[in-house]
1. For the chain, modelled as a Gaussian network with Cα springs under 10 Å, which listed residue fluctuates most, Leu66, Leu11, Leu26?
2. In what order, largest first, do Ile106, Ile32, Ile7 sit by accessible area if the probe radius is 1.4 Å?
3. Using only Cα atoms, what Kirkwood radius does the chain have, in angstroms?
4. Count the net charge of all other residues whose Cβ sits under 12 Å from the Cβ of Phe79, scoring Lys and Arg as +1 and Asp and Glu as -1.
5. Give the peptides 42-54, 79-91 in descending order of average Cβ contacts within 10 Å, highest first.
6. In nm, to one decimal, how far is the Thr52 label point from the Leu97 one, both placed 7 Å along Cα→Cβ?
7. May I ask you to give the average projected area over all directions of the convex hull of the Cα atoms of the stretch 65-107, in nm² rounded to one decimal?
8. Run the quick spin-label model on Glu88 and His73: label points 7 Å from Cα toward the beta carbon, then report their separation in nm to one decimal.
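The values are calculated or read from the model by the stated rules, or taken from the named source; none is laboratory data. What you are looking at is a predicted structure, and each value in this text was computed from that prediction instead of being measured. Note that each Cβ is placed from the backbone with ideal geometry, even for glycine, and that neighbours are counted across all protein chains shown. The accessibility values were calculated without ligands, DNA or RNA, using every heavy atom of the protein model including side chains. Shrake-Rupley method; radii C 1.70, N 1.55, O 1.52, S 1.80 Å.
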Amino acid sequence: MINADTILFALLMVTVVNMVRYLTALRSLIYIMREAHPLLYQQVDGGGFFTTHGNVTKQVRLFHYLKSKEYHHHHDEVFTGKCDRVRELFILSTSLLAVTLLAAMIL
C-alpha cells in the first residue's frame with residue numbers, strides 16, 4: 001500500500017514543476033511583450049517584474065489583463081498564444097497549490 005507521505009511528496013513535486021513552468025512562461029511572455037505591446041510592458045513594469053524592488057500594483061495589472069482576456073483584441077498571434085498559455089498555467093498552478101495545501105492539512 002502507498003504511504004500518505006509518498007502521495008503528498010508526489011503531489012508536491014507535480015506542483016513545484018508546474019509552478020516552474022508557469023514562471024518560465026511568464027518570463028517569456030514579458031520578453032515577447034516588450035516588442036508586441038510596449039505600452040503594457042511599461043504599465044506592468046516589465047524590466048523590474050522579477051526583481052525584489054518590483055512594483056506589486058503594476059504586477060497586479062498584468063494579472064487583471066490576463067484574467068479579463070484583454071489580449072484577444074491584440075494583432076500578434078504569438079503574443080495572444082503566450083497569454084493564453086500563461087493564463088492556463090496560472091490556473092493550473094493555483095489549483096494544484098490549493099489541492100496540495102488541502103492534502104497536507106488532511107494527511
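1. Checking each option, the largest mean-square fluctuation is seen for Leu11.
2. Ile106, Ile7, Ile32
3. So the Kirkwood estimate lands at 15.2 Å.
4. Taking every other residue near Phe79 into account, the sum is -2.
5. Going by the mean number of other Cβ atoms within 10 Å, highest first, we get 79-91, 42-54.
6. 2.1 nm
7. Projected over every direction and averaged, the Cα hull of the stretch 65-107 covers 3.1 nm².
8. Placing both labels 7 Å along Cα→Cβ, they lie 2.4 nm apart.
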